[in-house]
Amino acid sequence: MNATQPEPTYTITFPGEQPMTLPRGQIQSPSLLKAIAYIEQEPACSGLTLDNGIEINIA
C-alpha cells in the first residue's frame, strides 16, 4: 500500500514583505518554480536567495 506524500510547502519572502508559506501547487511564477526545482534536486539545499532578493525555503 502506498502512502501519499504531502505536497511540499515553501516559505517565500519578497524583499520588504512578510513571509508567506504556500504549497508548491499554488506557486505559478516560472522563475520561482525553477528555483524550487533546483532546491528539490539538491539534497543538501534547504533554500536559496534569488538575485532579486526573493528568499525561498522549504517550510
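The values are calculated or read from the model by the stated rules, or taken from the named source; none is laboratory data. Keep in mind that what you see is a predicted model, and the values were worked out from it rather than measured. Backbone-built Cβ (ideal geometry, glycine too); neighbour counts: all protein chains shown. Please note that ligands, DNA and RNA were not included when accessible areas were found on the heavy atoms of the full protein model with its side chains. Shrake-Rupley method; radii C 1.70, N 1.55, O 1.52, S 1.80 Å.
Hey, can you tell me all the residues within region 1-10 that are within 13 Å of I58 (Cβ to Cβ) and either free of Cβ contacts under 8 Å to residues at least 40 places away in the same chain or open to solvent by 100 Å² or more (accessible area, probe 1.4 Å) (or both)?
P6, E7
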Discussion item. Can you tell me which of (1) open to solvent by 80 Å² or more (accessible area, probe 1.4 Å); (2) without any contact (Cβ under 8 Å) to a residue 40 or more places away in the chain is the one I58 doesn't meet?
Written reply: (2)
Worksheet item: Would you say T13 is under 11 Å from A59 (Cα atoms), surrounded by 10 or more Cβ atoms within 10 Å (Cβ to Cβ), touching a strand residue (DSSP E or B) at 6+ places or on another chain (Cβ under 7 Å) and of a type in the set (S, T, N, Q)?
Response: no
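Residues are listed down the side, and each one gets a yes or a no for (1) modelled with pLDDT under 95; (2) in contact with a Leu (Cβ under 8 Å, 6 or more places away or on another chain); (3) not charged (D, E, K, R):
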{"position": "A3", "(1), (2), (3)": "yes, no, yes"}
{"position": "P6", "(1), (2), (3)": "yes, no, yes"}
{"position": "I12", "(1), (2), (3)": "no, yes, yes"}
{"position": "G16", "(1), (2), (3)": "no, no, yes"}
{"position": "G25", "(1), (2), (3)": "yes, no, yes"}
{"position": "A44", "(1), (2), (3)": "yes, no, yes"}
{"position": "E55", "(1), (2), (3)": "no, yes, no"}
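Please determine whether any residue of region 6-15 is among the acidic types (D, E), more than 14 Å from I54 (Cβ to Cβ) and part of a helix (DSSP H, G or I).
Checking region 6-15: not a single residue is among the acidic types (D, E), more than 14 Å from I54 (Cβ to Cβ) and part of a helix (DSSP H, G or I).
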Worksheet item: For region 16-52, what are the residues that are part of a helix (DSSP H, G or I) and surrounded by 10 or more Cβ atoms within 10 Å (Cβ to Cβ)?
Response: R24, Q26, S31, L32, L33, K34, A35, I36, A37, Y38, I39, E40
